[in-house]
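These notes concern the structure reproduced below.
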Amino acid sequence: MFVFANFLLAIAKIADILLTIYMYVIIARAIVSWVNPDPYNPIVSFLYRSTEPVLTRIRRILPDLGGLDLSPIIVLVAIYFLQSFVVRTIYDLGYKMKVGMGVMP
């Protein structure tokens, strides 16, 4: 059972790291959108390809606010929720499984 507990702890850590990286990608995308970037730049292209599917879904739900795009803020709040609730729950579950078995002090 300690193998499953370690697996849950590893999954929680990997999910936390991936969500943090994606949060920085969203922030970079928002900053890049303030200027007129070259769309053929590989970094700009990567930022658009990695964020556009998520941001497009959020934009469909939000009302049109003219030139103001709130979708990155909504995605950042969702990532924060996932890190605070889902990842933390998985981590706590794995930790309690280890403590319950007497593996960790």
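What follows is calculated from the coordinates using simple rules that are stated; it is not laboratory data. Computed from a predicted model, the values in this text were never measured in an experiment. Here the Cβ positions follow ideal geometry from the backbone for every residue, glycine too, while neighbour counts run over all protein chains shown.
Before moving on, here are some points about what is shown:
- Based on DSSP H segments of at least four residues, each scored -39500 (n - 2.57), the chain has a per-residue ellipticity at 222 nm of -24500 deg cm²/dmol.
- Inter-label distance, nm, simple model (7 Å from Cα along the C-beta direction), THR20/ASN6: 2.2 nm
- Karplus-derived HN-Hα couplings along region 42-59 (A = 6.51, B = -1.76, C = 1.60, θ = phi - 60°), whole Hz, x at Gly and Pro: x, 5, 5, 4, 4, 4, 5, 5, 7, 10, 4, x, 6, 5, 5, 4, 5, 4
- Taking the C-alpha atoms only, the angle from helix 2-32 to the longest principal axis of the chain is near 20 degrees.
- For chymotrypsin sites (Phe, Trp or Tyr not before Pro), the sites in region 20-105 that DSSP calls loop and that have at most 16 other Cβ atoms within 10 Å are TRP34, TYR40.
- Rounded to whole Hz, the Karplus (6.51, -1.76, 1.60) HN-Hα couplings of region 85-97, x for glycine and proline: 9, 5, 5, 5, 5, 5, 4, 4, 4, x, 5, 5, 5
- When you restrict to C-alpha pairs under 8 Å that are six or more residues apart and normalise by the size of the chain, the relative contact order lands at 51 percent.
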